[in-house]
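Report on the following structure.
The values are calculated or read from the model by the stated rules, or taken from the named source; none is laboratory data. Since we're looking at a predicted model, the values are computed, not measured. For neighbour counting, all protein chains shown are included, and Cβ atoms are generated from backbone atoms with ideal geometry for every residue, glycine included. These area figures cover heavy atoms from the full protein model, side chains too; ligands, DNA and RNA do not enter into them. Shrake-Rupley method; radii C 1.70, N 1.55, O 1.52, S 1.80 Å.
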Amino acid sequence: MITRPGALVLAGSVALAVAGRLLGLVEAYVLAAAGGLLVIVAVAQVLVLQPRLRVRRSVRPERVHVGTPARVEIDVASVGRVATPVLTLVDPIGDRAGARLRLAPLPVGGTVRAAYRLPTRTRGEVSVGPLQVEVADPFGLAHRRQVVADKVRLVVLPHVDPIRPLPPPAGAEPLSGQEGRPGLGRSGDEFHTLRPYVVGDDIRRVHWPMSARSDDLVVRQDDEPRQGRLTVVLDVTSAHTSTDGFERMVSAAASIAAAHWQRGDIVRLLTSDHQDTGWATGVAAYDNLMEVLAVAARSARADLDRVLGLTDAGAHAIVVVTGGRPDADIATLAGHRARRAGHRAGMTVVRFLGHAPADRVGGIRGVRIVDVGPSRPFPLVWEDARVRRRTPVGSRP
């Protein structure tokens, strides 16, 4: 309630009172009383001033990629019977003080719009709020804050490079080598699972008995005879990458997933700390996949070997994005997965190194390694590896 200047005035008044007592100075008593009275009046003023406001706040847009502008827009309207005093809007951003916006007095029925930009230089979730309105006396000796809007959030997604997807693999799955993701609401003939209804689903697929029991619409989802699947595995093990290197890894994982999604594939994200987005067959699921990447963090308790055991053995593409793991580790991981998944357990490993990649002869059976050094952009390395993909598996680009 009392600000730091108000506390200093009170402390000064007490000191003057003590000096007046010791020195017998009436003037000191007068100054002490004036200072104390000024603080009391300031506190009374902010208690009496209770402006009635209608506040609307929004983040536009709510999801952006790194470097894309985003802003908070605040609409304030005076709905009381008297004009408002000078107002200060205080909107914390994460753990920081955030934005402070000073508004001139509003007449009865008056409105004003304020806005400020949010930081989008790094990926992650930015918490905004709660928004408070601060009323202070003219001397700044006392203030009072009132919460007028709850917290909102901005999700800063990883940077996505415009790259091309891997060529569709040829294999034993139905429609192998064909591109395209089925439209929303289409289904095959073999039952797969029940899932919540989303806008766009065919109403004929609603499972009414289960919907009645769950008090929400549930639809039947059947297996699709389709190819065009990609599993991206992000290695978040902190021991194999630096902070800067990890950001490049997350961006690469997002770029690979986005390239396949835009082609029409269905994509899935696994992280070595056991996060699994499942197959993204719709826009909402794909958005969730990107949000998982937005908040991904390095972990000392990740287990890439166990997570690779969750990937399917089949003709769909599997891309592992990792840090500077040595060849021996990758060979061990590939061997374990081959024993669990069978002979068709090939995969591509995108490895971000802290040094320039060395030219080596030979490779690891069933693994295509794409080494990305610190000086060459990932899109160029990826395109080179994609062009050379028709070379025998086991050779290194």
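With r defined as the distance between the Cβ atoms of R63 and D276 and R0 fixed at 22 Å, what FRET efficiency is calculated, to the nearest 0.05?
Values: r = 21 Å, r/R0 = 0.96.
Calculated value: 0.55.
When the helix-only estimate is applied to the chain (DSSP H runs of n ≥ 4, each -39,500 (n - 2.57), divided by the residue count), what is the mean residue ellipticity at 222 nm, nearest 500 deg cm²/dmol? Intermediate values should be presented prior to the final figure.
Working: 8 runs with 113 residues, N = 397.
The helix-only estimate for the chain comes to -9000 deg cm²/dmol at 222 nm.
Along the stretch 141-156, what does the Karplus equation 6.51 cos²θ - 1.76 cosθ + 1.60 (θ = phi - 60°) give for ³J(HN,Hα), rounded to whole Hz, x for Gly and Pro?
Each residue's phi maps through the Karplus curve to give 8, 8, 8, 9, 10, 9, 6, 10, 7, 6, 5, 10, 9, 10, 9, 9 Hz.
What residues have an amide H closer than 5 Å to that of V233, excluding those fewer than 5 places away on the same chain, when H is modeled at 1.01 Å from N in the peptide plane?
Hits under the 5 Å cutoff: L270, V319, V320, V321.
Would you mind getting the accessible area per residue of the chain, heavy atoms of the protein chains only, 1.4 Å probe, in Å²? Mind showing how you got there, number by number?
On the way: 21080 Å² over 397 residues.
With the other protein chains kept in place, the chain gives 53 Å² per residue.
Could you tell me the accessible area of R52 in Å² (1.4 Å probe, neighbours in place), rounded to the nearest ten?
Approximately 150 Å² for this residue.
In the neighborhood of M1, defined by Cβ-to-Cβ distances under 10 Å, what is the net charge if each Lys or Arg adds +1 and each Asp or Glu adds -1? Display every interim value, and only then the final one.
On the way: positive: R144, R145; negative: none.
Overall, the nearby charge balance is +2.
If you roll a 1.4 angstrom probe over the protein chains with everything in place, what fraction of the accessible area of the chain belongs to carbon and sulfur, to the nearest %? Show your work: numbers first, answer last.
Working: 11610 of 21080 Å².
The computed percentage sits at 55.
Using modelled amide H (1.01 Å from N, peptide plane; none on Pro or chain starts), what sits under 5 Å from the amide H of V219, excluding residues fewer than 5 places away?
R195, Y197, H207
Can you tell which of V233, V79, V14 shows the greatest fluctuation in a Gaussian network model of the chain with Cα springs below 10 Å?
The residue with the greatest mean-square fluctuation here is V14.
If you stretched the chain out fully between V79 and L310, how much longer would it get, using 0.36 nm times the residue separation minus the C-alpha to C-alpha distance? Don't skip to the end; give the middle numbers.
Details: separation 231, 0.36 × 231 = 83.16 nm, distance 5.77 nm.
Here the segment from V79 to L310 would lengthen by 77.4 nm.
For the chain, what relative contact order do you get, as a whole percent, if you take Cα pairs closer than 8 Å and at least 6 residues apart? Show your work: numbers first, answer last.
Values: 806 pairs, mean separation 46.5, N = 397.
Worked out over the chain, it gives 12 percent.
Enter the angle in degrees (range 0 to 90, nearest 10) between the Cα long axis of helix 283-294 and the first principal axis of the Cα atoms of the chain, meaning the one along which they spread out most.
70
For the stretch 254-267, just list the computed ³J(HN,Hα) in residue order, Karplus coefficients 6.51, -1.76 and 1.60, θ = phi - 60°, integers in Hz, with x standing in for Gly and Pro.
5, 5, 5, 4, 5, 4, 6, 5, 5, 6, x, 6, 9, 10
Once you sort the root eigenvalues of the Cα gyration tensor of the stretch 253-321 as a ≥ b ≥ c, which label holds: rounded (a/c under 1.5), prolate (a/b larger than b/c) or oblate (the other case)?
The shape class here is oblate.
From the backbone phi of the stretch 328-336, what are the Karplus-calculated ³J(HN,Hα) couplings (6.51 cos²θ - 1.76 cosθ + 1.60, θ = phi - 60°) in whole Hz, Gly and Pro given as x?
Going residue by residue, I get 4, 4, 5, 4, 5, 4, 5, x, 4 Hz, with x marking Gly and Pro.
Please give, to one decimal in nm, the separation of the simple spin-label points placed at Q262 and R145, each 7 Å out from Cα toward the Cβ.
Result for the modelled spin labels: 4.3 nm.
Quick one: net charge around E73, please, counting Lys, Arg +1 and Asp, Glu -1 for every other residue with C-beta under 14 Å from its C-beta. Let's see the in-between values first.
On the way: positive: R56, R57, R60, R71, R113, R117; negative: E62, D75, D91.
Every neighbour counted, the sum reads +3.
Using only the Cα atoms of the stretch 2-100, build the gyration tensor, take square roots of its eigenvalues as a ≥ b ≥ c, and label the shape rounded, prolate or oblate: rounded if a/c is under 1.5, else prolate if a/b is larger than b/c, else oblate. Please report the intermediate quantities before stating the final value.
Details: a/c = 6.60, a/b = 2.28, b/c = 2.90.
Oblate is the answer for the stretch 2-100, as a/c is 1.5 or above yet b/c matches or exceeds a/b.
Assuming 0.36 nm per residue, please report the length gained on full extension of the stretch R96 to A33 beyond their Cα-Cα distance.
Numbers: separation 63, 0.36 × 63 = 22.68 nm, distance 3.81 nm.
Contour length minus Cα-Cα distance gives 18.9 nm.
With Cβ to Cβ distances under 13 Å as the rule, what net charge do the other residues near L89 carry (K, R +1; D, E -1)?
Numbers: positive: R56, R57, R100, R102, R113, R145; negative: E73, D75, D91, E134.
Overall, the nearby charge balance is +2.
Over the stretch 74-175, what is the relative contact order in whole percent, taking alpha-carbon pairs under 8 Å and six or more residues apart? Could the numbers behind the result be given before it?
Values: 166 pairs, mean separation 25.5, N = 102.
Taking the mean separation of contacting Cα pairs over the length of the stretch 74-175, I get 25 percent.
Around R71, which amide H atoms from residues at least 5 apart in sequence, or from another chain, sit under 5 Å from its own amide H, with H modelled in the peptide plane?
Residues meeting the criterion, in which the H sits 1.01 Å from N, are R60, L118.
Using 1/(1 + (r/R0)^6) with R0 = 25 angstrom and r between the beta carbons of V55 and V198, what's the FRET efficiency to the nearest 0.05?
Given R0 = 25 Å and the Cβ-Cβ separation, E is 0.20.
Can you pull the one-decimal nm distance between simple spin-label points at T111 and S242, each 7 Å off the Cα toward Cβ?
Each label point is offset 7 Å from its Cα along the Cβ direction, giving 5.2 nm.
Read through the labelled values [x] 29, 54, 17, 1; [y] 21, 37, 24, 13, 3, 0; [z] 24, 41, 25, 10, 0 and report the label of the one computed as P(r) over Cα pairs in 20 Å bins from 0, in percent from the structure.
Looking at P(r) over Cα pairs in 20 Å bins from 0, in percent for this model, the match is [y].
When all protein chains stay in place, what accessible area (Å², nearest 10, 1.4 Å probe) is found for H355?
110
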